[in-house]
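J.: Encoded as structure tokens, here's the structure I'll be asking about.
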Amino acid sequence: MHLGHLHVAVVHFPIALAMAAAVADLLWWLTQRDLFRHAGLYCLAGAVLTIPAALLTGDQLADELFPPDIAPQGSLATLLEYHQIMAFVSLGVLAAAVVVRILWARKAARWQPVLYGMLMLALVACIGVTGDLGGKMVYGADWFARLFS
Ligand code: HEM
């Protein structure tokens with residue numbers, strides 16, 4: 001079985017759900033409407049469920065594409081290493097955001113919304129960088145610049 005081939009399909013879920021959670025939370029902050037609070041919570045739960053799947057399929061794909069005897073060289077090796085590190089950093093930031101949100105739901109304190117907002121901004125940045133590094137490996141380092149050429 002080649003589970004790693006699912007990576008390209010799976011990765012869109014944590015990227016989209018983490019960003020949608022941040023947008024919904026921003027709208028909740030601006031409007032104070034429960035609709036956006038719930039939307040943010042569900043998207044965050046979706047990100048929690050799908051980031052581990054992206055990590056597992058990513059590790060599997062790396063093993064399938066680059067078995068020990070044909071380890072990637074040069075810039076591809078560097079991109080893969082940073083991509084993997086940023087994937088785990090994203091998971092850590094997500095876990096911290098979830099913990100703060102749970103504490104906040106149990107007993108509100110003034111620091112929690114501020115820390116939660118900062119963690120959600122960090123999550124969007126980290127997962128964006130992870131996806132960008134993945135895109136650079138597949139489509140080349142200038143994939144973004146080529147959108148405008
Ligand atoms: C939050 C977790 C992750 C996200 C969001 C993510 C995102 C991506 C994206 C967007 C791509 C480009 C897919 C395409 O268009 O074909 C990609 C490719 C890839 N990712 Fe990940 N990834 C994650 C975790 C990992 C991990 C932990 C590894 C393990 C090293 C990994 C290894 C790879 C490999 C090997 C490729 C394909 C490179 C190639 O085809 O040359 N990913 N990833």
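J.: What pairs can you find where one residue is in the stretch 69-91 and among the small types (Gly, Ala, Ser), the other is near the ligand (Cβ under 8 Å from one of its atoms), and their Cβ atoms are less than 7 Å apart, with a gap of 6+ or different chains?
T.: Ala87/Ala54; Ala87/Leu55; Ala87/Gly58; Ala87/Thr130; Ser90/Ile51; Ser90/Ile127; Ser90/Thr130
J.: Turning to a different aspect of this structure: For the stretch 1-36, what are the residues that are surrounded by 15 or more Cβ atoms within 10 Å (Cβ to Cβ), of a type in the set (Gly, Ala, Ser) and within 16 Å of the ligand (Cβ to nearest atom)?
T.: Those that are surrounded by 15 or more Cβ atoms within 10 Å (Cβ to Cβ), of a type in the set (Gly, Ala, Ser) and within 16 Å of the ligand (Cβ to nearest atom): Gly4, Ala16, Ala18, Ala20, Ala21, Ala22.
J.: Checking Ala77 against (1) touching a helix residue (DSSP H, G or I) at 6+ places or on another chain (Cβ under 9 Å); (2) part of a helix (DSSP H, G or I); (3) open to solvent by less than 50 Å² (accessible area, probe 1.4 Å), which test does it fail?
T.: (1)
J.: Of the residues Gly40, Gly46, Gly58, only one is near the ligand (Cβ under 9 Å from one of its atoms) and in contact (Cβ under 8 Å) with a residue 12 or more places away in the chain; which?
T.: Numbers: Gly40 fails: near the ligand (Cβ under 9 Å from one of its atoms); Gly46 fails: near the ligand (Cβ under 9 Å from one of its atoms).
On inspection, the qualifying residue turns out to be Gly58.
J.: Please indicate, with yes or no, whether at least one residue in the stretch 130-142 is in a loop (DSSP other than H, G, I, E, B) and free of Cβ contacts under 8 Å to residues at least 60 places away in the same chain.
T.: Pass one, the stretch 130-142, residues in a loop (DSSP other than H, G, I, E, B): 140-142.
Still in the list and also free of Cβ contacts under 8 Å to residues at least 60 places away in the same chain: 140, 142.
Yes: one or more hits.
Residue-by-condition table, conditions (1) out of contact with any His (no Cβ under 8 Å at 6 or more places or on another chain); (2) farther than 18 Å from Ala18 by Cβ; (3) among the polar types (S, T, N, Q):
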{"site": "Tyr42", "(1), (2), (3)": "yes, no, no"}
{"site": "Pro52", "(1), (2), (3)": "yes, no, no"}
{"site": "Leu61", "(1), (2), (3)": "no, yes, no"}
{"site": "Ile85", "(1), (2), (3)": "yes, no, no"}
{"site": "Val89", "(1), (2), (3)": "yes, no, no"}
{"site": "Val98", "(1), (2), (3)": "yes, no, no"}
{"site": "Ile102", "(1), (2), (3)": "yes, no, no"}
{"site": "Tyr139", "(1), (2), (3)": "yes, yes, no"}
{"site": "Phe148", "(1), (2), (3)": "yes, yes, no"}
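J.: What single numbered condition from (1) of a type outside the set (A, V, I, L, M, F, W, C); (2) buried (at least 17 other Cβ atoms within 10 Å of the Cβ); (3) farther than 30 Å from Met1 by Cα fails to hold for Ser90?
T.: (3)
J.: Would you tally the residues in the stretch 104-137 being closer than 18 Å to Leu17 by Cβ and among the aliphatic types (A, V, I, L, M)?
T.: 9
J.: From the set of residues in the stretch 55-74 that are assigned to a helix (DSSP H, G or I) and hydrophobic (A, V, I, L, M, F, W, C), which is farthest from His7 (Cα to Cα)?
T.: Restricting attention to the stretch 55-74, the residues satisfying the condition of being assigned to a helix (DSSP H, G or I) are 55-65, 68-70, 74.
Add one more test, that the residue is hydrophobic (A, V, I, L, M, F, W, C), and what stays is 55-56, 61-62, 65, 70.
Details: Leu55: 8, Leu56: 8, Leu61: 7, Ala62: 10, Leu65: 12, Ile70: 20 Å.
Among those that are assigned to a helix (DSSP H, G or I) and hydrophobic (A, V, I, L, M, F, W, C), it is Ile70.
The values are calculated or read from the model by the stated rules, or taken from the named source; none is laboratory data. Since we're looking at a predicted model, the values are computed, not measured. So basically every Cβ, Gly included, is an ideal-geometry build from the backbone, and we count neighbours across all protein chains shown. Accessible surface areas use protein heavy atoms only, side chains included; no ligands, DNA or RNA. Shrake-Rupley method; radii C 1.70, N 1.55, O 1.52, S 1.80 Å.
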